[in-house]
Each structure stands twice: as structure tokens, then as C-alpha cells.
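The values are calculated or read from the model by the stated rules, or taken from the named source; none is laboratory data. These numbers come from a predicted model, not from an experiment. Because the Cβ atoms are built from the backbone with ideal geometry, glycine has one as well, and the counts that use them run over all protein chains shown. For the accessible areas, the whole protein counts, side chains as well, though only heavy atoms, and no ligand, DNA or RNA atoms are used. Shrake-Rupley method; radii C 1.70, N 1.55, O 1.52, S 1.80 Å.
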Amino acid sequence: MARMQLGILISGRGSNMKALIDACAGRDYPAEIALVLSNVASAGGLETARAAGIKTIVIDHKAYPSRAEFERDLDQALRDHGVELVCLAGFMRLLDKDFVKRWHDRMINIHPSLLPSYRGLKTHERVLEDGVRFTGCTVHYVRPQMDEGPIIMQAVVPIDDHDTPQKLARRVLAYEHKIYVESVRLIASGNIRPRGNKTASKGLKFPKKGLISPTPDDA
Ligand code: GRF
């Protein structure tokens, strides 16, 4: 079966991109990377992608007089490379509603919180300030509002009283890599699709047990 063609958009180190590169190296994984695109020429992830033999393109937003012109070239590059699913992976530009519409249900994002809580930046700082016991990460379809759209997959990460934003970010990131890889697998294999503001799945198992934190003595 033809593998789904991914276009990954990055602005930085690209560890989620790397998780997808590693997954796509597997013979049975139903997707492959057609293109890695960055708006930042110095993004560390570009080197990682090149080293893996993946086509990279830099489209520097600063070189464009308007967002619309920048996004026109972004869109063209994705089409030119036959991209079927756009994966935002630490892409630090807000995308305009025209671009989002063009890739409706064909663009996904990873966010380091349990959406719809803690949209935006500095999620780990904010969850620690609020003293919540759990945080996590979310993969979702992209809609015009930032960090909004049908949720595909989430992972829950318990918070420790001694956590720092850095420690928590490291633990959450490990789960980001897992759920991004699994979300792309679900989409590419046709096991999940958007339905209204949610997603519908087929043939998937759901855990019956939740988590408790802090863990009571007798648990
Ligand atoms: C991740 O925490 C992701 O959830 C957020 O940006 C960060 C990107 O990290 N959207 P990386 O570049 O994938 O390492």
C-alpha cells in the first residue's frame, strides 16, 4: 500500500520530527516523510533531517512582506512535494485561516499540555504555578484558533512536587514523541478521522483504568 506522504514543519530542534523520522524508517509504518520545511535557517532539526537523507527547505518568513505571501510559498512547496498530511512539530508561526482551510483535516499539531487546558506558550511553567497534579500532551487536527481542533491522542503525565519546568518538559516530551508517532500511524492507516469537533476511531482499545496522583499508600 502507498505510504502517506508527510510534510513536517519545524522552527527549532525537531525532536518530534526525529521521532517521526525514526518511525518512518520502520518497514511497516504507513507514512513517509516527503519534506521537512523550516521558517528558520538555523533550526537544529534541519541538520538532523538532512543527515537522515530527507529533503529540507527553508522558507524564511522574514523575507516576505506579508503573511499571505509567505504562506503561499509554504503551500506551494508542500504541494510540489506531494504532501498529504502536514505535521506541525514546534513550528513557531501562527498560520492564517486561509492556509488552515486549505489543509483542513490534513494538518495536525503537537502541544505540550492536556488541551483544551493550557493553550499557548510556557505550559509547564503555568501548570506548576497552578499546582495541578497532572499534565500531558495532545495531538490534534489544526483549526484556525491556536491550539484548537479535534483531539486525536493525549498522554497524561503526573506532576511531582519537586518538578521544575525543565524536568517536566523532559518527561512530557518523551510522551509527545510516542503519541505523535502513534497519531500519524492511526491517520495513515485510516483508523481515526475527524467528526465534528471530535475524532472518531475504529478498532481501537481504550484503557479502563485511570491514574491517581499522589498515589495513596494502599494503591
Ligand atoms: C514541543 O514541546 C511541542 O509540543 C511544541 O514545541 C516543542 C517542539 O519541540 N509544539 P521539538 O522541536 O519537537 O523538540
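Worth pointing out:
- Candidates 171, 193, 185 - the one that is open to solvent by 40 Å² or more (accessible area, probe 1.4 Å) and farther than 21 Å from residue 7 by Cα: 171
- Identity of the residue in segment 152-168, within 14 Å of the ligand (Cβ to nearest atom) and closer than 26 Å to residue 196 by Cβ, that ends up most open to solvent (accessible area, probe 1.4 Å): 154
- Contact map, segment 204-219: first residue polar (S, T, N, Q), second residue part of a loop (DSSP other than H, G, I, E, B), Cβ cut-off under 7 Å, separation 6 or more or different chains; pairs are 213/133.
- Screening the candidates 21, 8, 33 for the property of being more than 13 Å from the ligand (Cβ to nearest atom), at pLDDT 95 or above and outside the structural domain of residue 174 (by TED's automatic domain parsing) yields one hit, 33.
- Residue count, segment 25-52 (criterion: touching a Gly at 6+ places or on another chain (Cβ under 8 Å) and among the charged types (D, E, K, R)): 0
- Segment 133-144, subset assigned to a strand (DSSP E or B) and at negative phi, residue surrounded by the fewest Cβ atoms within 10 Å (Cβ to Cβ): 134
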